[in-house]
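Here's the structure, in structure tokens; my notes come after.
The values are calculated or read from the model by the stated rules, or taken from the named source; none is laboratory data. What you are looking at is a predicted structure, and each value in this text was computed from that prediction instead of being measured. As a convention, Cβ positions derive from the backbone with ideal geometry for all residues, glycine included, and neighbour counts pool all protein chains shown. The protein model used for the area step is the full one, side chains on, heavy atoms only, and it has no ligands, DNA or RNA in it. Shrake-Rupley method; radii C 1.70, N 1.55, O 1.52, S 1.80 Å.
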Amino acid sequence: MSQLPETKVFETREAAAAETARLLAGALASALLERPRVSFMASGGSSPGAAYEMLSAEPLDWDRVTVGLVDERWVDPEDAASNEALVRRTLLKNDAATATFLPMKTDAASPADAAAVVDARYAGAPRPFDAVLLGMGLDGHTASWFPGARGLEAMLDPAGSNIVAAIDAAGSPIARDHPLRLTLTLPALKDARRSVLLIYGAEKRSVLEAAMDGRAADLPVRRLIEYSTGGLSVVWAP
Ligand code: 6PG
């Protein structure tokens, strides 16, 4: 049985978002005192927007921050489903407008065709990543590590050499219309200095508890938590 990481419980999603922004800003501020350039990897989805809005107004040396994506659907940056669009809309503004952004989407026909180029692009980001915002789906995926997806086992190999890999989650009821993705791998994420797993709702909390107490031990989110060597907090609200 693995321990649930430190979990901060809030009455509202607004309060959870504020705490998430505070934790991420604190991690970046500390890193900026120690290194000339630092990195933040941002997940997409419907949960993180409010936290990114708050983080964007934090008075950090954003011109020394490299912002990347934890994963990306294979859609154009103008598409409503694009994680790049979410990050540009909610984070890369205000004080954070001067950050360096590393997109994942390219003009390649598929993530598999783009993986090597984007892997090399992300190899240039400061690592270990200084701050990471993670989400989780009801299937226990985090990043784009969808259970049963093609390419999953290779990217969950802690000894793997790739930072970015392509995944095909065709058939996943959660990935639905966007099964083809690029995602950071376990080797890339496991040594992040500070990670925040932001989850909302009772169902997700139950899924995470089942992953950690062994009732659903094969869920990808557990793999990340088990291999994580940095600080990892769960922030939860109903
Ligand atoms: C994505 C995200 C993904 C997300 C979870 C949770 O591209 O969808 O990066 O990993 O964190 O799917 O998504 P919600 O916040 O929408 O529940």
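Some observations on this one:
- Only one of the listed residues (ALA125, ALA116) is at pLDDT 95 or above and surrounded by fewer than 16 Cβ atoms within 10 Å (Cβ to Cβ). That residue is ALA116.
- Among residues that are of a type outside the set (D, E, K, R), part of a strand (DSSP E or B) and either away from the ligand (no atom under 11 Å from the Cβ) or closer than 16 Å to PHE101 by Cβ (or both), GLY26 is not included.
- Only one of SER30, SER39 that is under 29 Å from ASP168 (Cβ atoms) and among the polar types (S, T, N, Q): SER39
- Residues that are touching a strand residue (DSSP E or B) at 6+ places or on another chain (Cβ under 8 Å) and more than 17 Å from SER39 (Cβ to Cβ), drawn from the stretch 89-105: LYS105
- Residues (among the hydrophobic types (A, V, I, L, M, F, W, C) and under 18 Å from the mean Cα position of the chain (by Cα)) located in the stretch 212-233: LEU219, VAL221, LEU224, ILE225, LEU232
- Restricting the search to strands (runs of 3 or more DSSP E) fully inside the stretch 138-238 and requiring at least 3 residues that are crowded, with 22+ Cβ neighbours inside 10 Å gives 164-168, 180-184, 194-200.
- Checking each residue in the stretch 164-184 for being of a type in the set (Val, Ile, Thr) and either within 12 Å of the ligand (Cβ to nearest atom) or free of Cβ contacts under 8 Å to residues at least 40 places away in the same chain (or both) picks out ILE167, ILE174, THR183.
- Candidates are the residues of the stretch 80-100 that are outside any helix (DSSP H, G or I) and more than 12 Å from the ligand (Cβ to nearest atom); the one that is least open to solvent (accessible area, probe 1.4 Å) is LEU91.
- Meets criteria (buried (at least 16 other Cβ atoms within 10 Å of the Cβ), of a type in the set (Ser, Thr, Tyr) and within 13 Å of the ligand (Cβ to nearest atom)) for THR106: no
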